[in-house]
Number of protein chains: 2
Amino acid sequence: MALRFDPIEEARRQWVAHGWTEAAPGMAVVTSVVRAQQIFLARIDAELRPLGLTFARYELLMVLAFSRQGAMPLGRVGARLQVHPTSVTNAVDRLEAQGLLRRLPHATDRRTTLAEILPAGRELAEQATVALNKAVFEAPGLDSAETETLFALLRRLRIASGDFVATGGQEEAMATEVGDGR
Amino acid sequence: MALRFDPIEEARRQWVAHGWTEAAPGMAVVTSVVRAQQIFLARIDAELRPLGLTFARYELLMVLAFSRQGAMPLGRVGARLQVHPTSVTNAVDRLEAQGLLRRLPHATDRRTTLAEILPAGRELAEQATVALNKAVFEAPGLDSAETETLFALLRRLRIASGDFVATGGQEEAMATEVGDGR
């Protein structure tokens with residue numbers, strides 16, 4: 001059931017009415033981000049659930065699929081996906097049980113475990129990408145210019161939160177990173 | 001550990017390299033929204049956890065606190081928060097056990113249950129708001145103009161997804177809604 005008013009606008013009005021004027025725009029934008037995520041995740045889950053994947057497990061498979069060797073230390077997977085080591089372990093457990101990847105010992109460093117994507121994992125990741133591209137990514141709900149503006153604003157937010165260091169040397173930093181893949 | 005490159009830019013580059021050019025901007029923006037939500041929720045949880053609240057339960061308390069009677073049918077709470085009835089039931093169970101609200105039968109409609117906020121609930125919601133305003137909402141990580149642009153873009157997304165009907169009559173629609181509070 002669609003509401004006949006914007007609940008976030010209404011919360012913002014209440015914030016101002018309670019004298020929390022300084023915080024009202026931030027409350028509205030943070031709540032909007034949380035809501036937008038729910039909207040996107042519902043659309044994503046509708047595509048991935050039939051394939052036995054969650055977005056977190058899909059992202060993990062894609063990071064491995066894109067890596068030079070198809071394998072990456074678990075710690076680096078967590079850094080790339082910006083998730084907690086426990087979440088990586090859980091996702092890798094699940095994907096391993098599904099026969100989509102396997103764990104491997106590191107060639108030289110005994111303390112390091114790698115995750116290696118298996119052919120079935122590549123195939124499912126590709127299938128999931130085709131589905132997501134068509135159902136979600138090709139029509140996110142904004143036009144092309146709005147999409148770029150939104151991306152740029154969220155990028156500033158991510159930088160402000162310390163997600164990554166914007167050095168202006170993306171190419172070079174990536175080359176160092178992927179060259180050290182195994 | 002901050003990465004030395006933007007993992008979402010890198011995924012976008014990979015999307016283009018694989019010929020998924022049409023979907024690349026949408027993938028980047030959707031992934032950015034998911035990541036921004038994680039960032040905000042981590043900051044929110046750090047404030048709410050010591051108070052025994054989640055963001056979902058906090059939002060529920062605030063909707064009741066802002067209602068004219070301090071009470072609302074559970075179905076309407078779900079519509080306002082745009083969450084599934086099961087989630088409302090779970091949150092209400094938890095808040096009731098915490099002594100922050102109580103369930104009440106509707107005065108005239110026996111099939112309807114209301115949630116009514118208790119004084120302890122109002123107090124905790126206020127305390128949580130003060131904490132969130134200071135730690136998150138007053139400094140979301142963007143300047144004032146960027147915050148408004150981001151809010152407006154996400155509002156378009158929310159409208160496109162059918163979250164609410166933008167009639168231009170927010171005031172009137174709200175008056176109808178809140179006047180029917182009990």
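Key figures
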read-out: Residue satisfying all of: in region B:1-10; assigned to a helix (DSSP H, G or I) and at the interface with chain A (Cβ under 7 Å from one of its Cβ atoms); surrounded by the fewest Cβ atoms within 10 Å (Cβ to Cβ) among these; value: B:Glu9
read-out: Among residues of region A:79-98, those that are without any contact (Cβ under 8 Å) to a residue 24 or more places away in the chain, open to solvent by 40 Å² or more (accessible area, probe 1.4 Å) and either touching a Ser or Thr at 6+ places or on another chain (Cβ under 8 Å) or more than 16 Å from A:Leu53 (Cα to Cα) (or both), counted; value: 3
read-out: Residue match in region B:44-55 (condition: facing chain A (nearest Cβ under 8 Å), closer than 29 Å to A:Ala139 by Cβ and either in a helix (DSSP H, G or I) or open to solvent by 60 Å² or more (accessible area, probe 1.4 Å) (or both)); value: yes
read-out: Hits in region B:1-59 (condition: modelled with pLDDT under 95 and of a type in the set (Phe, Trp, Tyr)); value: B:Phe5
read-out: Helices (runs of 4 or more DSSP H) contained entirely in region A:111-182, each with at least 1 residues that are modelled with pLDDT under 95; value: A:144-160, A:170-179
read-out: Filter result for A:Ala36 (touching a Lys or Arg at 6+ places or on another chain (Cβ under 6 Å), surrounded by 19 or more Cβ atoms within 10 Å (Cβ to Cβ) and outside any strand (DSSP E or B)); value: no
read-out: Those residues of region A:14-33 which are buried (at least 17 other Cβ atoms within 10 Å of the Cβ) and closer than 19 Å to B:Gln82 by Cα, in sequence order; value: A:Met27, A:Ala28, A:Val29, A:Val30, A:Thr31, A:Ser32, A:Val33
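So that you can scan it fast, the table gives a plain yes or no per residue for (1) within 10 Å of chain A (Cβ to nearest Cβ); (2) within 30 Å of A:Ile44 (Cα to Cα); (3) not polar (S, T, N, Q):
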position: B:Leu101; (1), (2), (3): no, no, yes
position: B:Ala107; (1), (2), (3): no, no, yes
position: B:Arg111; (1), (2), (3): no, no, yes
position: B:Pro119; (1), (2), (3): no, no, yes
position: B:Asn133; (1), (2), (3): yes, no, no
position: B:Gly141; (1), (2), (3): yes, yes, yes
position: B:Glu146; (1), (2), (3): yes, yes, yes
position: B:Leu153; (1), (2), (3): yes, yes, yes
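Table: residues versus (1) out of contact with any Ser or Thr (no Cβ under 7 Å at 6 or more places or on another chain); (2) crowded, with 18+ Cβ neighbours inside 10 Å; (3) without any contact (Cβ under 8 Å) to a residue 12 or more places away in the chain.
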| position | (1), (2), (3) |
| --- | --- |
| A:Gln127 | yes, no, no |
| A:Val130 | yes, no, yes |
| A:Asn133 | yes, yes, yes |
| A:Phe137 | yes, yes, yes |
| A:Asp143 | yes, no, yes |
| A:Phe151 | no, yes, yes |
| A:Ala160 | yes, no, yes |
| A:Ala166 | yes, no, yes |
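The values are calculated or read from the model by the stated rules, or taken from the named source; none is laboratory data. Everything quoted here is computed from the prediction, not taken from an experiment. Here Cβ is always computed from backbone atoms with ideal geometry, including for glycine, and neighbour counts include all displayed protein chains. What goes into the accessible areas is simple: the full protein's heavy atoms, side chains included, and nothing from ligands, DNA or RNA. Shrake-Rupley method; radii C 1.70, N 1.55, O 1.52, S 1.80 Å.
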